[in-house]
1. What are the residue pairs meeting all of these: first residue in region 1-21, first residue of a type in the set (Lys, Arg), second residue loosely packed, with under 14 Cβ neighbours inside 10 Å, Cβ atoms under 8 Å, and 6 or more apart or on different chains?
2. Out of the residues in region 70-109 meeting the condition of being closer than 13 Å to Val31 by Cβ and of a type in the set (Asp, Glu), tell me which one is surrounded by the fewest Cβ atoms within 10 Å (Cβ to Cβ).
3. Starting from residues that are closer than 22 Å to His85 by Cβ and without any contact (Cβ under 8 Å) to a residue 24 or more places away in the chain, keep the ones in region 43-69 and report whichever is surrounded by the fewest Cβ atoms within 10 Å (Cβ to Cβ).
Amino acid sequence: MQILEKPIEKEELQQMAAKMFGNLVKAVVDVEREIVAIDGELHSDLAELLTEKGSAGKNLWGVNIYPDALDDWLEFDSVLNLKPHFGNRSRSVEDPMMREQITKILKKFISL
């Protein structure tokens, strides 16, 4: 597990995927601080890493990254995303603006 401090290349993502799940890498994005934790077995492990570094749970969103996919490289699916108090009642990220913000942050760190 790591918090990304600089952009990561596709090849490194592919290596992470091969070690853990084969075709995907789990990540958690802090939309307030615009940081990303990556390469954990569970989204909750990555969220814990970020909260230890000062992130607030309400700002954390879990995603799956598919480094070999062209168009569908990002999946908004995590138990971490269940936030009924904030209007998100599913494992997905229901707000299109939030999805766009998460994608924008990820693109700063991930080169596919």
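Read-outs throughout are calculated quantities, based only on the coordinates presented, and are distinct from any laboratory measurement. All figures in this text were calculated on a predicted structure; none of them were measured in a lab. Using ideal geometry, Cβ is built from the backbone for each residue, glycine included, and neighbour counts are taken over all protein chains shown.
1. Short answer, once both residue conditions are applied: Lys10/Ser111.
2. The selected residue is Glu100.
3. Only one residue tops the list, namely Gly54.
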